[in-house]
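The values are calculated or read from the model by the stated rules, or taken from the named source; none is laboratory data. Predicted model, so just to flag it, every value in this text is computed and none were measured. With ideal geometry, Cβ positions are generated from the backbone for all residues, glycine too; neighbour counts draw on all protein chains shown. All accessible areas refer to the heavy atoms of the entire protein, side chains included, with ligands and DNA or RNA removed. Shrake-Rupley method; radii C 1.70, N 1.55, O 1.52, S 1.80 Å.
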Amino acid sequence: MNLRPMQDRIIVKRLEEETKTAGGILIPDTAKEKPQQGEVVAVGKGKVTEDGKVLPLDVKVGDKVLFGKYAGTEIKLEGQDYLIMREDDILGVLEK
Amino acid sequence: MNLRPMQDRIIVKRLEEETKTAGGILIPDTAKEKPQQGEVVAVGKGKVTEDGKVLPLDVKVGDKVLFGKYAGTEIKLEGQDYLIMREDDILGVLEK
Amino acid sequence: MNLRPMQDRIIVKRLEEETKTAGGILIPDTAKEKPQQGEVVAVGKGKVTEDGKVLPLDVKVGDKVLFGKYAGTEIKLEGQDYLIMREDDILGVLEK
Amino acid sequence: MNLRPMQDRIIVKRLEEETKTAGGILIPDTAKEKPQQGEVVAVGKGKVTEDGKVLPLDVKVGDKVLFGKYAGTEIKLEGQDYLIMREDDILGVLEK
Amino acid sequence: MNLRPMQDRIIVKRLEEETKTAGGILIPDTAKEKPQQGEVVAVGKGKVTEDGKVLPLDVKVGDKVLFGKYAGTEIKLEGQDYLIMREDDILGVLEK
Amino acid sequence: MNLRPMQDRIIVKRLEEETKTAGGILIPDTAKEKPQQGEVVAVGKGKVTEDGKVLPLDVKVGDKVLFGKYAGTEIKLEGQDYLIMREDDILGVLEK
Amino acid sequence: MNLRPMQDRIIVKRLEEETKTAGGILIPDTAKEKPQQGEVVAVGKGKVTEDGKVLPLDVKVGDKVLFGKYAGTEIKLEGQDYLIMREDDILGVLEK
């Protein structure tokens with residue numbers, strides 16, 4: 001992954017809903033507003049506070065995460081689709 | 001529960017309104033805007049302040065809580081429905 | 001009262017407008033936007049500041065208070081109706 | 001006056017526009033958006049800052065004040081009409 | 001002038017656009033959104049910061065000032081029309 | 001220029017788009033939302049921070065600047081048209 | 001480039017979507033909301049904090065960046081089209 005997200009942004013690769021993940025998340029396609037699941041492939045340096053301090057992010061590359069249906073912006077890198085979003089868009093991290 | 005909520009988010013399992021809880025909360029279905037009741041099953045590390053301090057949450061796993069009708073986002077983990085919301089969505093905690 | 005309000009929230013039991021309170025508040029039903037009167041039955045620990053300090057509330061259980069017509073959320077505990085609201089919704093406290 | 005306003009709120013008794021006050025304020029009824037005049041009858045402890053400091057108010061009981069047409073909420077105490085508003089709604093204080 | 005403006009408010013007497021002021025400001029009536037000119041007749045103690053410090057104002061009684069077309073609230077004191085506005089509504093001060 | 005802009009405001013004289021400036025900025029009239037170019041003729045003391053510190057501005061009299069199409073308010077001083085705007089409305093400064 | 005962007009603004013030259021960049025970013029024209037790619041040609045001094053500290057930017061001249069479809073304002077300098085935007089509009093930086 002050669003795109004470095006800025007500040008508190010992260011890049012996520014969607015995980016197809018059909019496959020049953022290790023954590024057992026099965027998200028039927030029907031639910032309109034259902035959260036999405038994906039894997040973190042890149043993280044920014046961190047959130048910059050009002051007076052310039054950098055707060056490292058609480059997610060890391062490889063984490064499986066749950067995020068809101070409309071979170072982030074779609075981008076395509078080397079033919080692969082990704083989402084780029086803010087850390088605050090992440091609802092939770094799936095523990096192995 | 002293998003989903004770790006981020007920051008000041010918590011995961012709540014709804015308690016069916018019909019059953020009369022220990023605390024005696026009986027919430028008839030009719031009231032349109034009525035608050036909901038549920039049990040906390042996971043809590044985040046805490047709210048991150050502007051300059052990076054982490055403030056632990058004031059609810060813990062096992063607490064019975066009351067929250068607004070439209071609070072949180074519905075998720076399904078291993079076939080079970082949950083709500084993931086911010087601590088600030090919680091109106092109150094039922095003392096045993 | 002076995003519901004502990006969160007942070008700067010308080011629980012209030014409405015006082016019927018007809019009865020003339022000790023403080024002599026008589027609020028005719030006609031005034032559309034008229035404030036309401038009630039008694040405080042539970043208070044939260046206090047407002048949490050941006051950096052985590054807890055500021056105790058300026059109202060206590062037993063206080064008779066005046067609050068805006070649309071303040072708070074209706075809840076029912078053990079068959080009794082209450083309102084749960086923020087301290088900032090309170091206009092004033094009736095001195096005995 | 002047995003109602004203690006909360007924080008930075010004050011209670012004001014309207015002064016009838018027709019009477020020409022000591023300060024010579026004559027506010028014809030016709031002006032649609034005209035500010036109102038009244039006398040302060042109770043003041044709160046003060047504005048509470050973000051970190052809990054209480055800033056005493058800059059108006060006191062007995063002050064004659066000018067305030068915006070739509071400022072505050074109407075209340076009735078012992079048959080008398082009053083307005084309860086924030087200090088910031090006050091435009092100015094009439095010096096004797 | 002016996003009205004003391006609150007905090008960062010000031011009282012301004014409009015200067016008629018026709019008269020050509022010392023500073024040579026000639027503002028034809030035609031321009032719809034044209035700024036207005038006036039003289040400061042009273043100033044408040046100053047702006048109160050979040051933690052209670054009072055910042056004195058940067059305009060004083062007698063200053064000729066330029067302000068936005070819709071700035072402030074009209075008031076009448078002893079038969080004379082004035083505007084009461086915030087210091088931040090002032091665009092600039094005419095140097096003698 | 002005898003008008004002292006308040007705080008972080010500046011006064012700018014528009015440069016006609018047709019003339020090709022030293023910096024070679026040629027902005028055809030057709031572009032609807034095109035930024036404007038002008039020369040700074042007066043600057044305020046600076047931006048006042050929340051606790052009263054004055055931050056000097058980063059533009060000075062004589063600078064050629066680029067600003068948004070709808071930035072500022074039109075004023076006329078001694079027959080000459082100017083714009084009065086906030087420093088934050090300035091996109092960039094043309095180096096000689 | 002003789003235009004110095006103010007504070008946290010940067011100037012970007014768009015890279016045509018058709019050409020396949022070193023980083024392999026191929027952004028088909030069809031995607032309506034697709035992010036854009038470009039090269040940084042000038043950066044401001046940095047973001048000014050509430051109390052006047054200047055925080056240097058995290059992008060530099062020559063960086064290839066990804067930004068939102070509607071980010072920035074179009075300008076033309078010496079016949080060449082550029083975009084001027086805030087650093088916060090940048091989604092990520094392409095590592096060589």
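For the reader, a short list of remarks on this structure follows.
- Among the residues of region E:44-60, not a single one is out of contact with any Lys or Arg (no Cβ under 6 Å at 6 or more places or on another chain), within 13 Å of E:R14 (Cα to Cα) and in contact (Cβ under 8 Å) with a residue 24 or more places away in the chain.
- Some residue of region E:17-31 being surrounded by 15 or more Cβ atoms within 10 Å (Cβ to Cβ), at the interface with another protein chain (Cβ under 7 Å from one of its Cβ atoms) and at pLDDT 95 or above: no
- Within region F:75-90, the set of residues being open to solvent by 20 Å² or more (accessible area, probe 1.4 Å), part of a strand (DSSP E or B) and at the interface with another protein chain (Cβ under 7 Å from one of its Cβ atoms) comprises just one member, F:K76.
- Number of positions in region C:65-74 that are surrounded by fewer than 18 Cβ atoms within 10 Å (Cβ to Cβ) and outside any loop (DSSP other than H, G, I, E, B): 2
- Within region B:67-96, residues that are polar (S, T, N, Q) have Cβ atoms under 8 Å from residues that are open to solvent by 40 Å² or more (accessible area, probe 1.4 Å) in these pairs: B:T73/A:E33; B:Q80/B:K13, counting only partners at least 6 apart in sequence or on another chain.
- Failed criterion for C:K69 (all others in (1) within 14 Å of chain B (Cβ to nearest Cβ); (2) modelled with pLDDT under 90 hold): (1)
- The residues in region B:33-61 that are at the interface with chain C (Cβ under 10 Å from one of its Cβ atoms), of a type in the set (D, E, K, R) and out of contact with any helix residue (DSSP H, G or I) (no Cβ under 8 Å at 6 or more places or on another chain) can be counted, and the count is 5.
- Selection within region A:39-64 - part of a strand (DSSP E or B) and either open to solvent by 80 Å² or more (accessible area, probe 1.4 Å) or over 18 Å from A:L3 (Cβ atoms) (or both): A:K47, A:V48, A:V54, A:L55, A:K64
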